Amino acid sequence: MPGEDGYGLLVKVRGQQGESARLPAVALTAYASRDDRIRLLSAGFQAHVPKPVDPEELVTVVAKPRPNGSSPLRPVPNRPRASRAAQLPS
């Protein structure tokens, strides 16, 4: 995304009013370490798929229900908004 990163986009989406603020988010990124995954999930992404993307993994992440029967990409519950600085990678 030229001129924007996923963290910035997610902050904008979460800052909106209504249902659009609760859209699920999947991070598709070349940052694939354990720490990167933790940082992405802590920032509010519901899933992390490292690049290069395996199409089967992406389909699984988007479509496959979790063990408790819920969708992995259900809308995000309303929660207090964190500042952008708290969500940026270090």
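If you check every pair at least six apart or on different chains, which have Cβ atoms under 9 Å apart with a residue in segment 20-34 that is without any contact (Cβ under 8 Å) to a residue 60 or more places away in the chain and assigned to a helix (DSSP H, G or I) first and a residue that is surrounded by 15 or more Cβ atoms within 10 Å (Cβ to Cβ) and not hydrophobic (A, V, I, L, M, F, W, C) second? Hits for this filter: ALA21/ARG14; ARG22/ARG14.
Can you tell me which residue within segment 29-53, out of those that are under 10 Å from the mean Cα position of the chain (by Cα) and of a type in the set (A, V, I, L, M), is nearest to LEU10 (Cα to Cα)? The selected residue is ALA43. Note on segment 8-24: residues that are within 24 Å of THR60 (Cβ to Cβ) and either crowded, with 18+ Cβ neighbours inside 10 Å or of a type in the set (Val, Ile, Thr) (or both) amount to 2.
Read-outs throughout are calculated quantities, based only on the coordinates presented, and are distinct from any laboratory measurement. Here the structure is a predicted model, which means the values were calculated and not measured. Using ideal geometry, Cβ is built from the backbone for each residue, glycine included, and neighbour counts are taken over all protein chains shown.
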